[in-house]
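For reference, the structure is listed below as structure tokens.
The values are calculated or read from the model by the stated rules, or taken from the named source; none is laboratory data. This structure is a prediction, so every number in the text was calculated from the model and none was measured. Ideal geometry is used to build each Cβ from the backbone, glycine not excepted, and the neighbour counts take in all protein chains shown.
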Amino acid sequence: METFWPLIPMAVFRPLVLRTLRSRLPWEVEKNLSRLAVQWSETAWRLIDQMAGQADTFMHHELAAVEELVGRPQQGKAEIEQALGEVRRLEESTSAVE
């Protein structure tokens, strides 16, 4: 029937055509909104999965860094203790002045 629309005089059948189109309108709107909601949902889940993967990768890198720091031999421990002693002496000297 849709192929015959050019042959039908619109002045006569305009109300019928408009009524038909208006009756289809709610269904078309609902269908397109449903499709849009599905697209948004899929995009949101994809982004959430990507963010979870990035967080997982970040945590693995941080864990590896901590394991590396813990596994290192105690190099420079004497120098660090000496530097901390100097900082403490400076703190004591400045607090004594105040």
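Remark: LEU90 matches the filter, which requires a residue to be more than 30 Å from MET10 (Cβ to Cβ) and surrounded by 10 or more Cβ atoms within 10 Å (Cβ to Cβ). Counting the residues of segment 1-19 that are of a type in the set (Phe, Trp, Tyr) and either at pLDDT 75 or above or outside any helix (DSSP H, G or I) (or both) gives 1.
Within segment 20-48, which residues are of a type outside the set (A, V, I, L, M) and at pLDDT below 90?
Here is the first cut: in segment 20-48, the ones of a type outside the set (A, V, I, L, M) are 20, 22-24, 26-28, 30-32, 34-35, 39-43, 45-46.
Listed by number, the list holds a single entry, THR20.
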